[in-house]
Amino acid sequence: MTADARQVFGELLERHRRIVFKVVNTYAWHPADRDELAQEIATQLWRAYPQYDPVRPFTTWMYRIALNVAISQVRSSVHHDRHSVPLDETLHDLADERGSDHESGQRVRALHRFIAQLDKLNRALLLLYLEDHSYREIADILGISETNVATKISRLKQRIRSEI
């Protein structure tokens, strides 16, 4: 890879680094796991960059790789550990339940618990939906049809309404 390409990649990665952090925080809850996952995502982005097609949005490409790496890492750790990791609320910024909006804090915690229990695909769908990505963008990132995205999001909304 040329020095110019390395510089462009570095600038793009820096500009869109929040994508990596969002994916990492969605799939890993312990600091060491988050660091390891972030490093692995950056490594895979670097390896895949020579095949990046600039005609497509960089953020779509980045989300797709980041989510694939996160899902693969979760899959391999579940395979080895044979147990799921519960959400550790102490690692997340939640509303103060003693504050003036106690009900809101409870709802945020309930949403975090709901998200932690989702399978990998639904967790990715919800992450992208909450980031205000269009159904088309979500479909491109996850490699599923736009209709499938709409159906799955509709079902997730119904589950959220009934469970929270």
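The values are calculated or read from the model by the stated rules, or taken from the named source; none is laboratory data. Quick caveat: nothing in here was measured; it's all calculated off a predicted structure. Because the Cβ atoms are built from the backbone with ideal geometry, glycine has one as well, and the counts that use them run over all protein chains shown. Surface accessibility is based on the protein's heavy atoms, side chains included, excluding ligands, DNA and RNA. Shrake-Rupley method; radii C 1.70, N 1.55, O 1.52, S 1.80 Å.
Within region 145-164, track down each residue that is at pLDDT 90 or above and touching a Leu at 6+ places or on another chain (Cβ under 8 Å). If you could, list the steps in order and put the result at the bottom.
Step one: filter region 145-164 for residues at pLDDT 90 or above, giving 145-159.
The answer is VAL149, LYS152, ILE153, LEU156.
Looking at ILE65, ILE71, just one residue is closer than 17 Å to GLY143 by Cβ, at pLDDT below 90 and buried (at least 16 other Cβ atoms within 10 Å of the Cβ), and that residue is ILE71. With respect to the conditions (1) open to solvent by less than 40 Å² (accessible area, probe 1.4 Å); (2) at pLDDT below 90, ASP81 falls short on a single one, namely (1).
So in region 30-61, with the set limited to residues that are farther than 16 Å from GLU11 by Cβ and part of a loop (DSSP other than H, G, I, E, B), which one is modelled with the lowest pLDDT? My answer is HIS30.
Residue count for region 15-49 satisfying the condition of being exposed (fewer than 11 other Cβ atoms within 10 Å of the Cβ) and more than 21 Å from HIS133 (Cβ to Cβ): 3. Beta carbons closer than 6 Å, at least 6 apart along the sequence or on distinct chains, pair a first residue in region 40-62 that is closer than 18 Å to ASP4 by Cα with a second that is open to solvent by less than 50 Å² (accessible area, probe 1.4 Å) for LEU45/ILE65; ALA48/ILE65; TYR49/PHE9; TYR52/TRP61; PHE58/LEU12. If you go through region 128-164 and keep only what is in a helix (DSSP H, G or I), open to solvent by 20 Å² or more (accessible area, probe 1.4 Å), in contact (Cβ under 8 Å) with a residue 60 or more places away in the chain and not charged (D, E, K, R), you end up with just LEU142.
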